[in-house]
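Chemist: Quick one: the structure is below, and I'll ask about it shortly.
The values are calculated or read from the model by the stated rules, or taken from the named source; none is laboratory data. Everything numeric here is computed off the predicted structure, so don't read it as measured data. Quick reminder, even Gly has a Cβ in these numbers, built from the backbone with ideal geometry, and neighbours come from all protein chains shown. These area figures cover heavy atoms from the full protein model, side chains too; ligands, DNA and RNA do not enter into them. Shrake-Rupley method; radii C 1.70, N 1.55, O 1.52, S 1.80 Å.
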Amino acid sequence: MRVGFIGLGSQGAPMARRITGAGHETTLWARRPATLAPFADSGAKTAGSPAELAAASDLVCVCVIDDADVEQVVTGPDGILAGLRRGGVIAVHSTVHPDTCRRLEALARTSGVSLLDAPVSGGGRAAEQGSLLVMAGGDPQVFAYCRPVFETYGDPVVHLGPTGSGQLAKILNNVLFTAQLGLAADALGVGAALGLDRAALTRVLPRGSAASFALERVADA
């Protein structure tokens, strides 16, 4: 499959590298040319605009920062929709509002293009290892078509329902993670108030039944 990738940050760059490494014909575009430099020896092509990238792609993956950035690269004058053929697919890996994805999906449909919302969780290290959680919403058949690409960097890759479902799942993931961060910080604070050595406690709790990703992040901090 011909894959375009936009958004070569700390998480997007290893995702794009895994797509390229899996043998997919890959085209990249970035606002900052410096982020393309590490791909010089990867076999990936580069494009001068999102539209040019889309014209060379069957699937375009978007992993930019926020709603405004997603809107711009998809609908701008030189955006993805200006170049993507009918039957092409856009996968929004950014964490954005579900309504943003629903609105863009409806707009894409008028051009004969499909759009999936497929936010990810796990960070750059998980992307490098191919173990990102991919939470997808949209047409099940389109999801099945894209799944081989998603599985180059994601495990598990899960379809949750109609457009926006992936973003809803990511929001719930983030709500729960934030609550766990607060609880972990409070637990360490209580321990310190009770006279326990905080550094020792951060070595103990992550090894017991209280272990969690959030606790590890607080302990690291």
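Chemist: Could you please let me know if residue 43 is at pLDDT below 95, open to solvent by 20 Å² or more (accessible area, probe 1.4 Å) and assigned to a loop (DSSP other than H, G, I, E, B)?
Modeler: So residue 43 passes the test.
Chemist: If you don't mind, there's one more thing I want to ask. Of all residues being open to solvent by less than 10 Å² (accessible area, probe 1.4 Å) and among the aliphatic types (A, V, I, L, M) in region 136-156, which is nearest to residue 11 (Cα to Cα)? Just the residue, please.
Modeler: Checked region 136-156; the qualifying residue nearest to residue 11 (Cα to Cα) is 149.
Chemist: Test each condition in (1) without any contact (Cβ under 8 Å) to a residue 60 or more places away in the chain; (2) of a type outside the set (D, E, K, R); (3) closer than 20 Å to residue 146 by Cα for residue 35 and report the one that comes out false.
Modeler: (3)
Chemist: Another question, then. If residue 209 passes every condition in (1) touching a helix residue (DSSP H, G or I) at 6+ places or on another chain (Cβ under 9 Å); (2) open to solvent by 50 Å² or more (accessible area, probe 1.4 Å) but one, which one does it miss?
Modeler: (1)
Chemist: Please determine whether any residue of region 63-82 is closer than 23 Å to residue 147 by Cα, of a type in the set (Asp, Glu) and within 19 Å of the chain's Cα centre (by Cα).
Modeler: Within region 63-82 (the criterion being closer than 23 Å to residue 147 by Cα, of a type in the set (Asp, Glu) and within 19 Å of the chain's Cα centre (by Cα)), the answer is no, since none of the residues qualifies.
Chemist: Filter region 58-77 down to the residues that are crowded, with 17+ Cβ neighbours inside 10 Å and in a loop (DSSP other than H, G, I, E, B) and list them by number.
Modeler: Selection gives 58, 63, 64.
Chemist: For region 99-116, how many residues are surrounded by fewer than 20 Cβ atoms within 10 Å (Cβ to Cβ) and in contact (Cβ under 8 Å) with a residue 12 or more places away in the chain?
Modeler: 5
Chemist: Consider region 1-10. How many of its residues are within 20 Å of residue 122 (Cα to Cα) and surrounded by 22 or more Cβ atoms within 10 Å (Cβ to Cβ)?
Modeler: Of the residues in region 1-10, 4 are within 20 Å of residue 122 (Cα to Cα) and surrounded by 22 or more Cβ atoms within 10 Å (Cβ to Cβ).
Chemist: Can you give me the number of residues within region 152-186 that are without any contact (Cβ under 8 Å) to a residue 12 or more places away in the chain and in contact with a strand residue (DSSP E or B) (Cβ under 6 Å, 6 or more places away or on another chain)?
Modeler: Here the count works out to 0.
Chemist: Can we say residue 83 is out of contact with any Cys (no Cβ under 6 Å at 6 or more places or on another chain), of a type outside the set (Val, Ile, Thr) and open to solvent by 40 Å² or more (accessible area, probe 1.4 Å)? Before you say what the answer is, go through the steps one by one.
Modeler: Working: out of contact with any Cys (no Cβ under 6 Å at 6 or more places or on another chain): yes; of a type outside the set (Val, Ile, Thr): yes; open to solvent by 40 Å² or more (accessible area, probe 1.4 Å): no.
No: the conditions fail for residue 83.
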